[in-house]
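**Q** Encoded as structure tokens, here's the structure I'll be asking about.
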Amino acid sequence: MTSTGPVASTAPETSTAPVASTAPATSVAPVTSVASTTSVASMAFVRLRALLPRRRTRALPSPAARGELVAEARGLRVALGGRAVLDGVGIGVRAGEVLALVGPNGAGKSTLLAALAADLAPSAGEVRIGGRPAGDWAAGELALRRAVLPQAAALSFPFPVAEVVRMGRAPWAGTGREDEDEAAVALAMAATEVEAFAGRPFSALSGGERARVALARVLAQRTGLLLLDEPTAALDLRHQELVLRVCRERAAAGDAVVVVLHDLGLAAAHADRVAVLHGGRIAADGPPSEVLDAEVLSRVYRQPVEVFPHPRTGVPLVVPIRATPSLKPDNSPSLTRS
Amino acid sequence: MTALLEAPATPEPPATAAPTRRGGRTTVLTVGLLAALLLLALLSAGIGAYEIPLGDVLASVQHRMGLGGHALDRTAESVLWNIRLPRVVLAVLVGASLGCAGALMQGVFGNPLAEPGVIGISAGAAVGAVGAIALGLTFLGNWTVTVCAFVAGLATVLLVYAMSRSGGRTEVVTLILTGIAVNAFAGALIGLFIFFADNAQITQITFWQLGSLAQATWPKVLAVLPCALLGLAVAPFHSRRLDLLALGERPARHLGVDVERLRIALILVVALLTAAAVAVAGIITFVGLLVPHLLRMANGPGHRFLVPGSALGGAVVLAAGDLAARTAAAPAELPLGVLTGLLGSPFFFWLLRRTRRKQGGWA
């Protein structure tokens, strides 16, 4: 996949329409073969719509410099149903990095992600997105700045896959970056390998296919902050790798990516930073090689694990310590007795 | 265009080809529905106990519009302009309101089984209207019944909405069960009003309860026109956001939809449309269920076509239904609500079965 991220993020810097429309045009050249059948009529319609008065002029986000704080939580406390799900969580999300949130079930990973997405109002502390308190943004402005992949992808009506992905472009309607729509949708569908069933209704897809379509929609939104809740949960081996490679590419292009993962191996291999959540607090936060520590993980997961470097790449591998009867013949009588 | 010329064996890039194909189908459907509506309106104006030939109908309409043509004799002119045409216009207005309300409601609830009649909004609006009739209220003149129907209808939508949702979603079973409870309660209230009403009012109420356009007059048309037109005019502006709402509330918000505001606006519109229909025609069920479903099957679930298309389709269905109700058992007249119920219930049954199969049970 060609990295469109830098282009997408530099184009709107000058929010005057003519510049925004010429800049991406050169970059999408390889894509036009996919989108070549776009009818003249729809192009004319786009032109026509550009002439109509804009309903509201929203300030387009300016791209963040690499390493700049895109979102952060400070002293965050979130209570759901009277129970503090998050307590005193502080974390920063920086442009150009993949941050993996890991931890046992119920540790607060999804809640933290929802708080960073401005879905939840904190009962104490604060969440800032793009330097402003999350609650100060209007829904339409936030949608230009962060995209969220929910844990379960649902759809009430059987929209075709291509239209579902296109929904990701809705926030940009009426802005200068509307011209990117076709390219963004085509690239997102290519990146998640969902083109083969673009015309099929979403409801006719398998769980893993749905998850990839949902991810394609989120990628098509082309925001500087990506919040992905377990994007790999329903996926096969190939597509797990593919999804995290896409995350890496987006980070390389200057976006900030936060991803909730259960597979520590995936986190170790692909994340720049790993935050381990435990009981609503951050138990460890740092590069995978430091954070993925056998002692910490064994305690947090209440399951003894061993961590050792991959013999070829040196990436940490996390393996549960299992009782292996087959390797210890003297244990076998206890299994076969009676 | 190129996609059409290509040999069908070569798979075209679906991402871009689909909208073009769908755009063509949208045009065909719209033109077809409009033509059907025009044809039905002309037929309805001519057919009845007093036959008026099609040529005369056209001539009289032309005459009144000052475009040539000629006036008919006094009886024909009176039948056409005082009896037939108000009824045709009312059928179109009520049908459009019901069809559109159905499409909106299914979108808001994210549930294909939501319909004003099924979930009790019509019955709720009917309570207001029956109450106005039974208590002899006239505080707003011609508009009293409409306003009472609107207030009661709005209260019912809010109640159903609050009762049938949990965790941002509406489950089918919860929705239908809530509808049963609301319908039962509204039925009891209507019964209570009938109990206290005198004989003349009872006749009026029963007749109207079965759903009918037989009492159509121009003042009645005027009484619902503002409600229906306002609702029909506002509805299409929410189509795009309704598409996004299909993803669920949170994802819709992530895409920039102010879900709360959208919901309130659409609930108001649904109450407006349902009240308009119920106030003049009584309870006519299943139009709002059947029409959006057929259109969704024909042209996909996109609301940009579905919302205005359902209004058009509803108008067609009700114009046809009313024509059938007037002529099928002539000289007697079938109640329109009974007719739509007879045809709509089996469809609803089939829909229930299909939904259940898809979900793998209700549980």
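**Q** Of all residues in region A:152-174, count the ones that are part of a loop (DSSP other than H, G, I, E, B), more than 8 Å from every other protein chain (Cβ to nearest Cβ) and within 16 Å of B:Val257 (Cβ to Cβ).
**A** Number satisfying all stated conditions: 2.
**Q** Still on this model: Surrounded by fewer than 16 Cβ atoms within 10 Å (Cβ to Cβ), touching a residue at least 12 places away in the same chain (Cβ under 8 Å) and farther than 30 Å from B:Arg356 by Cα: is that true of B:Phe196 in this structure? Reasoning before the result, please.
**A** Values: surrounded by fewer than 16 Cβ atoms within 10 Å (Cβ to Cβ): yes; touching a residue at least 12 places away in the same chain (Cβ under 8 Å): yes; farther than 30 Å from B:Arg356 by Cα: yes.
Yes; evaluated as a whole, the condition is true for this residue.
**Q** In the list B:Leu135, B:Leu189, B:Leu140, which residue meets the criterion of being more than 22 Å from the chain's Cα centre (by Cα) and buried (at least 16 other Cβ atoms within 10 Å of the Cβ)?
**A** Working: B:Leu135 fails: buried (at least 16 other Cβ atoms within 10 Å of the Cβ); B:Leu140 fails: buried (at least 16 other Cβ atoms within 10 Å of the Cβ).
So the residue among B:Leu135, B:Leu189, B:Leu140 that is more than 22 Å from the chain's Cα centre (by Cα) and buried (at least 16 other Cβ atoms within 10 Å of the Cβ) is B:Leu189.
**Q** Could I ask something else about it? For A:Leu187, which of the numbered conditions (1) buried (at least 23 other Cβ atoms within 10 Å of the Cβ); (2) farther than 20 Å from A:Cys247 by Cβ; (3) out of contact with any Lys or Arg (no Cβ under 8 Å at 6 or more places or on another chain); (4) more than 8 Å from every other protein chain (Cβ to nearest Cβ) fails to hold?
**A** Exception for A:Leu187: condition (2).
**Q** A follow-up question, please. What number of residues within region A:196-211 are more than 11 Å from every other protein chain (Cβ to nearest Cβ) and either touching a residue at least 40 places away in the same chain (Cβ under 8 Å) or in contact with a Leu (Cβ under 7 Å, 6 or more places away or on another chain) (or both)? Talk me through it step by step, then tell me what you get.
**A** Filtering region A:196-211 for residues more than 11 Å from every other protein chain (Cβ to nearest Cβ) gives A:205-211.
Now narrow it down to the ones that are either touching a residue at least 40 places away in the same chain (Cβ under 8 Å) or in contact with a Leu (Cβ under 7 Å, 6 or more places away or on another chain) (or both): A:205, A:208, A:210-211.
Total meeting the criteria: 4.
**Q** On to the next question. The conditions are (1) at pLDDT below 85; (2) within 12 Å of another protein chain (Cβ to nearest Cβ), and B:Thr285 fails exactly one of them. Which is it?
**A** (2)
**Q** For region B:209-276, which helices (runs of 4 or more DSSP H) that fit wholly inside it have 3 or more residues that are away from chain A (no Cβ under 14 Å) and touching a Phe, Trp or Tyr at 6+ places or on another chain (Cβ under 9 Å)?
**A** Working: elements: B:218-234, B:239-245, B:249-254.
Those helices (runs of 4 or more DSSP H) span B:218-234.
**Q** Inspect all residues belonging to region A:150-171 and state whether any of them is in contact with an Asp or Glu (Cβ under 6 Å, 6 or more places away or on another chain), farther than 18 Å from B:Arg250 by Cβ, modelled with pLDDT of 90 or more and not β-branched (Val, Ile, Thr).
**A** Looking for residues that are in contact with an Asp or Glu (Cβ under 6 Å, 6 or more places away or on another chain), farther than 18 Å from B:Arg250 by Cβ, modelled with pLDDT of 90 or more and not β-branched (Val, Ile, Thr), one finds at least one in region A:150-171, hence yes.
**Q** Would you be able to say whether some residue in region A:287-294 is touching a helix residue (DSSP H, G or I) at 6+ places or on another chain (Cβ under 7 Å), surrounded by 16 or more Cβ atoms within 10 Å (Cβ to Cβ) and closer than 23 Å to A:Arg248 by Cβ? Before the answer, list the steps.
**A** Narrowing region A:287-294 to residues touching a helix residue (DSSP H, G or I) at 6+ places or on another chain (Cβ under 7 Å): A:288, A:292.
Retained after the next criterion (residues that are surrounded by 16 or more Cβ atoms within 10 Å (Cβ to Cβ)): A:288, A:292.
The next check asks that each one be closer than 23 Å to A:Arg248 by Cβ; those that pass are A:288, A:292.
Scanning region A:287-294 turns up at least one residue that is touching a helix residue (DSSP H, G or I) at 6+ places or on another chain (Cβ under 7 Å), surrounded by 16 or more Cβ atoms within 10 Å (Cβ to Cβ) and closer than 23 Å to A:Arg248 by Cβ.
**Q** So which of A:Leu149, A:Leu215 is within 11 Å of chain B (Cβ to nearest Cβ), buried (at least 18 other Cβ atoms within 10 Å of the Cβ), under 16 Å from the mean Cα position of the chain (by Cα) and of a type in the set (A, V, I, L, M)? If you could, list the steps in order and put the result at the bottom.
**A** On the way: A:Leu215 fails: within 11 Å of chain B (Cβ to nearest Cβ).
The conditions single out A:Leu149.
**Q** Only strands (runs of 3 or more DSSP E) wholly contained in region A:58-131 count here; list those with 3 or more residues that are at pLDDT below 95.
**A** Details: elements: A:69-80, A:83-94, A:98-102, A:124-129.
Strands (runs of 3 or more DSSP E) meeting the threshold: A:69-80, A:83-94, A:124-129.
**Q** A:Gly92 passes all but one of (1) surrounded by fewer than 18 Cβ atoms within 10 Å (Cβ to Cβ); (2) under 19 Å from the mean Cα position of the chain (by Cα); (3) within 14 Å of chain B (Cβ to nearest Cβ); which number fails?
**A** (3)
**Q** Kindly indicate whether B:Val79 is part of a helix (DSSP H, G or I) and either β-branched (Val, Ile, Thr) or in contact with a strand residue (DSSP E or B) (Cβ under 6 Å, 6 or more places away or on another chain) (or both).
**A** Working: part of a helix (DSSP H, G or I): yes; either β-branched (Val, Ile, Thr) or in contact with a strand residue (DSSP E or B) (Cβ under 6 Å, 6 or more places away or on another chain) (or both): yes.
Spelling it out, B:Val79 is indeed part of a helix (DSSP H, G or I) and either β-branched (Val, Ile, Thr) or in contact with a strand residue (DSSP E or B) (Cβ under 6 Å, 6 or more places away or on another chain) (or both).
**Q** Are any of the residues in region A:323-337 among the basic types (Lys, Arg), at pLDDT below 90, farther than 27 Å from A:Gly106 by Cα and over 16 Å from the mean Cα position of the chain (by Cα)? Steps first, answer last, please.
**A** Of the residues in region A:323-337, the ones among the basic types (Lys, Arg) are A:328, A:337.
From the residues that got through so far, the ones that are at pLDDT below 90 too are A:328, A:337.
Now narrow it down to the ones that are farther than 27 Å from A:Gly106 by Cα: A:328, A:337.
Right, trim to over 16 Å from the mean Cα position of the chain (by Cα) and you get A:328, A:337.
Yes; the residues of region A:323-337 include at least one that is among the basic types (Lys, Arg), at pLDDT below 90, farther than 27 Å from A:Gly106 by Cα and over 16 Å from the mean Cα position of the chain (by Cα).
**Q** Considering each of B:Gly107, B:Gly99, B:Gly117 in turn, give the residue that is under 17 Å from B:Val317 (Cα atoms), part of a helix (DSSP H, G or I) and not acidic (Asp, Glu).
**A** Step by step, each of B:Gly107, B:Gly99, B:Gly117 is checked, and only B:Gly99 is under 17 Å from B:Val317 (Cα atoms), part of a helix (DSSP H, G or I) and not acidic (Asp, Glu).
**Q** Suppose the filter is crowded, with 18+ Cβ neighbours inside 10 Å and not basic (Lys, Arg); does B:Ser122 pass it?
**A** Values: crowded, with 18+ Cβ neighbours inside 10 Å: yes; not basic (Lys, Arg): yes.
Yes: the conditions hold for B:Ser122.
**Q** Of the numbered conditions (1) more than 10 Å from chain B (Cβ to nearest Cβ); (2) on the phi < 0 side of the Ramachandran plot; (3) surrounded by fewer than 20 Cβ atoms within 10 Å (Cβ to Cβ), A:Glu193 satisfies every one except a single condition; which is it?
**A** (2)
**Q** A follow-up question, please. May I ask you to verify whether B:Glu51 is outside any helix (DSSP H, G or I), free of Cβ contacts under 8 Å to residues at least 40 places away in the same chain and on the phi < 0 side of the Ramachandran plot? If you could, list the steps in order and put the result at the bottom.
**A** Details: outside any helix (DSSP H, G or I): yes; free of Cβ contacts under 8 Å to residues at least 40 places away in the same chain: yes; on the phi < 0 side of the Ramachandran plot: yes.
It is true that B:Glu51 is outside any helix (DSSP H, G or I), free of Cβ contacts under 8 Å to residues at least 40 places away in the same chain and on the phi < 0 side of the Ramachandran plot.
The values are calculated or read from the model by the stated rules, or taken from the named source; none is laboratory data. Just so it is clear, the structure is predicted and the values come from calculations on it, not from any experiment. Every residue, glycine among them, receives a Cβ derived from its backbone with ideal geometry; neighbour counts consider all protein chains shown.
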